[in-house]
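First up is the structure itself, then whatever we jot down about it.
We did not get these values from a lab; they are worked out from the coordinates using the rules stated. Just so we're clear, the structure is a prediction, and the values are computed from it rather than from any experiment. Neighbour counts are summed over all protein chains in view; Cβ atoms, including those assigned to glycine, are modelled from backbone coordinates with ideal geometry.
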Amino acid sequence: DSGVTQTPKHLITATGQRVTLRCSPRSGDLSVYWYQQSLDQGLQFLIHYYNGEERAKGNILERFSAQQFPDLHSELNLSSLELGDSALYFCASSVSNMGERTGELFFGEGSRLTVL
Amino acid sequence: LAKTTQPISMDSYEGQEVNITCSHNNIATNDYITWYQQFPSQGPRFIIQGYKTKVTNEVASLFIPADRKSSTLSLPRVSLSDTAVYYCLVGENTGGGNKLTFGTGTQLKVEL
């Protein structure tokens, strides 16, 4: 158990819909990272939040947005869903970072999104 | 952009030592090199992290040459349970944030 909690574990929805994925980082971790992993693909970095502020963006679609709340949990919002958005979405947390050594990332078990 | 290159796949047998090399030619001065292991439908799990020379923990060793343009993860005496995808990760500092981009990973298959 990494200490990172993601909900829901599984989600099935239809094209055009909107979903919210939730992540609770490990106690004390200020950084939250979101990743997308499609079938047969590697981990695609989406976005990094540190203590409530967006710090780095990857190839995150405009239909996707995220935020980190004062209690440090984070949500990833996916809207106007398309078939290609079907994937495993992972959240990871770490203690740092403010641009310094990231240290170990602790990953949750992921949220599997299926868009029909 | 700190990009990593790894072999797509490797095969080994139980009890052998496995070395997986990752190339990261554009690594920045402040970047650390981290390796993760991932089983199907699970989140990646941290294996080891280093900056230069050699780092060893209870499960692996990490060798980093002086120029830091590559690194080698060494798994001693692998077992069937080590069959997984191994990712090399080099952090990219974007001025206050970390764009931690994983490479394509190396699928290690361990057989009897």
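Data table
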| read-out | value |
| --- | --- |
| Candidate set: segment A:1-28, residues that are surrounded by 13 or more Cβ atoms within 10 Å (Cβ to Cβ) and basic (K, R); chosen: the one farthest from A:C91 (Cα to Cα) | A:R26 |
| Single match in B:V55, B:V110 (criterion: assigned to a strand (DSSP E or B), surrounded by fewer than 21 Cβ atoms within 10 Å (Cβ to Cβ) and under 15 Å from the mean Cα position of the chain (by Cα)) | B:V55 |
| Filtered residue count, segment B:58-107, keeping only those that are within 10 Å of the chain's Cα centre (by Cα), of a type in the set (A, V, I, L, M) and more than 14 Å from chain A (Cβ to nearest Cβ) | 1 |
| Any chance A:G110 is within 13 Å of chain B (Cβ to nearest Cβ), touching a Leu at 6+ places or on another chain (Cβ under 7 Å) and small (G, A, S) | yes |
| Residue in segment A:31-42 that is away from chain B (no Cβ under 14 Å) and aliphatic (A, V, I, L, M) present | no |
| Subset tally (residues that are part of a loop (DSSP other than H, G, I, E, B) and touching a Pro at 6+ places or on another chain (Cβ under 9 Å)) for segment B:17-36 | 1 |
